[in-house]
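Participant: Have a look at the structure that comes next, please.
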C-alpha cells in the first residue's frame, strides 16, 4: 500500500511539473495596460404627478385642473448641442365611464395651454391618442441637466359626455426625447 501511495504521489508530482513546464514564463518587471470604457447613453429621470384631477362643478363650462401639475426631468444626459422635448399622449380615445354610465369625455376634450418653467419653451395643444403625441414643452437651452415643466390642463365643457356622477378616468403617458 505504501508503494502505491508513493507511486501515486510521484505521478501527481510529475503531472504538475509537466503542466508547469507548459506555461510561458514572464519577467516580473513587465507591465500590460488595459482600459475601462463607460458607454453613456442619452437619459433622464422623469417624475410625473400620480393623478391630475378636474373637479367638474358645471358641465357647461371648461374646467381647469385643481393644481397645475409639474413634470420634472432630472439627471438629463444628452449629446452635445441637443435639447429635450416632453410629449404627452392619451392611452385611449375616451375616458373610462363611471359604473352605470355609458357616455364619457374623449381624449380630445383635454388640452393644455401656457406650459411654463425655467428654461422651457412652452406650447399649447390637445391631448390626443398615443400615436400622435403632442409636445408639451422643450428646453430652450442646449444640454440642460434638469427641467421642471408646469402643465395646466383644461377639460372642455361637454354636456353630452356626462350621464352619471362619479369619476371618469383617462390614462396619459409623458415621454421625453432628445432633439
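The values are calculated or read from the model by the stated rules, or taken from the named source; none is laboratory data. Note that the structure is predicted; figures quoted are calculated from it, not measured. When we count neighbours, we look across all protein chains shown, and the Cβ atoms used for this are built from the backbone with ideal geometry, even at glycine.
Participant: Within segment 72-102, take every residue that is in a loop (DSSP other than H, G, I, E, B) and buried (at least 16 other Cβ atoms within 10 Å of the Cβ) and give me the one that is nearest to the chain's Cα centre (by Cα). Spell out how you get there, then give the answer.
Facilitator: At the first step, the residues of segment 72-102 found to be in a loop (DSSP other than H, G, I, E, B) are 78-83, 91-93, 95, 97-102.
Those left that are additionally buried (at least 16 other Cβ atoms within 10 Å of the Cβ): 78, 82-83, 95, 97-98, 101.
Details: 78: 14, 82: 18, 83: 16, 95: 23, 97: 28, 98: 30, 101: 34 Å.
Filtering segment 72-102 for residues that are in a loop (DSSP other than H, G, I, E, B) and buried (at least 16 other Cβ atoms within 10 Å of the Cβ), the one nearest to the chain's Cα centre (by Cα) comes out as 78.
Participant: Which residue, of 107, 133, is under 30 Å from residue 43 (Cβ atoms), modelled with pLDDT of 85 or more, out of contact with any helix residue (DSSP H, G or I) (no Cβ under 7 Å at 6 or more places or on another chain) and surrounded by 17 or more Cβ atoms within 10 Å (Cβ to Cβ)? Give the steps one after another, and end with the answer.
Facilitator: Details: 133 fails: modelled with pLDDT of 85 or more.
Checking each option against the conditions leaves just 107.
Participant: Could you please tell me which pairs satisfy a Cβ distance under 8 Å, a separation of 6+ or placement on different chains, a first residue in segment 112-141 that is part of a helix (DSSP H, G or I), and a second residue that is modelled with pLDDT of 80 or more?
Facilitator: What qualifies is 130/89; 130/90; 130/91; 130/173; 131/89; 132/89.
Participant: Return the pairs, sorted by first residue and then second, in which the second residue is in a helix (DSSP H, G or I) and surrounded by 13 or more Cβ atoms within 10 Å (Cβ to Cβ), the first residue lies in segment 148-167 and is in contact (Cβ under 8 Å) with a residue 60 or more places away in the chain and at negative phi, the beta carbons are less than 7 Å apart, and the residues are 6+ apart or on different chains.
Facilitator: 155/109; 156/109; 158/109; 161/109
Participant: In segment 153-168, which residues are more than 22 Å from the chain's Cα centre (by Cα) and not in a loop (DSSP other than H, G, I, E, B)? Break it down into steps so the answer makes sense when it comes.
Facilitator: Step one: list which residues in segment 153-168 are more than 22 Å from the chain's Cα centre (by Cα), which gives 154-168.
154, 155, 159, 160, 161, listed by residue number.
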